[in-house]
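Reading through the structure tokens given below for one structure.
The values are calculated or read from the model by the stated rules, or taken from the named source; none is laboratory data. This structure is a prediction, so every number in the text was calculated from the model and none was measured. Counting neighbours? That spans all protein chains shown, and the Cβs are built from the backbone with ideal geometry, glycine included. The protein model used for the area step is the full one, side chains on, heavy atoms only, and it has no ligands, DNA or RNA in it. Shrake-Rupley method; radii C 1.70, N 1.55, O 1.52, S 1.80 Å.
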Amino acid sequence: MPICEFCQEFGTGGPARFNEIYHSVADSRIVARTSRFVAIPTLGQLFEGSLLVLPITHVETCSGLDADARSEMLNLIGDMMGRVATFGHPVYFEHGATAASAGGCGIYHAHLHIVPLPRRAAPHALFPEADQRFDRLAAAWTALKGVDHYLLLGDTNETWVRDLRAEPSRFPSQFFRRRLVEHFELNAPWDWRAYGHVEPALVRTLARAASNAG
């Protein structure tokens, strides 16, 4: 089984991509932590201020967390949505997939993206392929319990979901990053692996997000 990028970074301090690129800038990119979760700036900052919220231990999807852990994660997400709102209009998304599902999420360690958009965009306008709507992220994850491959995008008003079990190959890895580059006509790579250098936007996000802690 492939070595998990996040487990390397947070579990063993091994040669993860952040450690290799940013060793001269910072020892860690954690801007917030609870007993089981961390928030970190995203490698490949399509929009400055982008964060990931993820469990420290290896769990494959956010919907696969138990109720107590999910509640803790949701509280951290709420805090991070407030911090990201200082950069722009925040949305969140997840490509939830297990390694066994053959889904193309890239890293099979649960992680939710929180991204500040430069202008408001309705979640369903960004993700018209979605076919289920929920008022709250918590309700979406509850409905997705046991689903091993899905896409999810939302904001503070609503969450839109598509179950991908019947179509595992239709939506490729980094689907939402591709969609954001297209929708906002960005002159930037959608693939986070293409960012093999120190990103000034990430350094600023790290400093600003950490300074907003409290």
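Being loosely packed, with under 14 Cβ neighbours inside 10 Å, out of contact with any helix residue (DSSP H, G or I) (no Cβ under 7 Å at 6 or more places or on another chain) and farther than 23 Å from Ala99 by Cα narrows it down to one of Ala201, Ala207, so name that one. Sole residue among the options that is loosely packed, with under 14 Cβ neighbours inside 10 Å, out of contact with any helix residue (DSSP H, G or I) (no Cβ under 7 Å at 6 or more places or on another chain) and farther than 23 Å from Ala99 by Cα: Ala207. Of the residues Leu153, Leu126, which is in contact (Cβ under 8 Å) with a residue 60 or more places away in the chain and either touching a Ser or Thr at 6+ places or on another chain (Cβ under 9 Å) or closer than 23 Å to Leu46 by Cα (or both)? That would be Leu153, the only listed residue that is in contact (Cβ under 8 Å) with a residue 60 or more places away in the chain and either touching a Ser or Thr at 6+ places or on another chain (Cβ under 9 Å) or closer than 23 Å to Leu46 by Cα (or both). Can you name the residue in the range 32-44 that is open to solvent by less than 20 Å² (accessible area, probe 1.4 Å) and farther than 13 Å from Arg17 by Cβ and is also farthest from the chain's Cα centre (by Cα) among such residues? That would be Ala32. Does Asn212 satisfy being open to solvent by 40 Å² or more (accessible area, probe 1.4 Å), of a type in the set (S, T, N, Q) and modelled with pLDDT of 95 or more? The answer is no for Asn212. For the range 2-23, filtering for residues that are in a helix (DSSP H, G or I), more than 15 Å from the chain's Cα centre (by Cα) and not aliphatic (A, V, I, L, M) leaves 11. Taken over the range 6-17, the criterion of being in contact (Cβ under 8 Å) with a residue 24 or more places away in the chain and either surrounded by fewer than 20 Cβ atoms within 10 Å (Cβ to Cβ) or among the charged types (D, E, K, R) (or both) is satisfied by Cys7, Gly11, Arg17.
The C-beta contact set for the range 131-143 (first residue farther than 10 Å from Glu158 by Cα, second residue among the hydrophobic types (A, V, I, L, M, F, W, C) and open to solvent by less than 30 Å² (accessible area, probe 1.4 Å), distance under 7 angstrom, 6+ apart or interchain) comprises Gln132/Val161; Trp141/Cys62.
Residues that are in contact with a Pro (Cβ under 8 Å, 6 or more places away or on another chain), under 20 Å from Val161 (Cα atoms), aliphatic (A, V, I, L, M) and outside any strand (DSSP E or B): does the range 24-38 have at least one? No, the range 24-38 has no match at all.
Checked against (1) among the hydrophobic types (A, V, I, L, M, F, W, C); (2) within 17 Å of Cys7 (Cα to Cα); (3) open to solvent by less than 10 Å² (accessible area, probe 1.4 Å), Ile56 passes all but condition (3). Among all positions in the range 96-114, there is no residue which is at pLDDT 95 or above, under 20 Å from Leu51 (Cβ atoms) and open to solvent by 50 Å² or more (accessible area, probe 1.4 Å).
Which one of these is assigned to a helix (DSSP H, G or I) and closer than 23 Å to Val181 by Cβ: Met73, Met80?
On the way: Met73 fails: closer than 23 Å to Val181 by Cβ.
Step by step, each of Met73, Met80 is checked, and only Met80 is assigned to a helix (DSSP H, G or I) and closer than 23 Å to Val181 by Cβ.
Scanning the range 122-150 for residues that are open to solvent by 20 Å² or more (accessible area, probe 1.4 Å) and within 19 Å of Arg177 (Cβ to Cβ) returns Ala122, His124, Ala125, Pro128, Glu129. Name the residue that is farthest from the chain's Cα centre (by Cα), counting only residues in the range 69-89 that are open to solvent by less than 40 Å² (accessible area, probe 1.4 Å) and among the aliphatic types (A, V, I, L, M). Selected residue: Ala69. The single condition from (1) assigned to a loop (DSSP other than H, G, I, E, B); (2) farther than 23 Å from Leu43 by Cβ; (3) not basic (Lys, Arg) that Val161 fails is (1). In this entry, Ala188 is excluded by the filter for residues that are within 28 Å of Phe134 (Cβ to Cβ), in a loop (DSSP other than H, G, I, E, B) and out of contact with any Ser or Thr (no Cβ under 9 Å at 6 or more places or on another chain).
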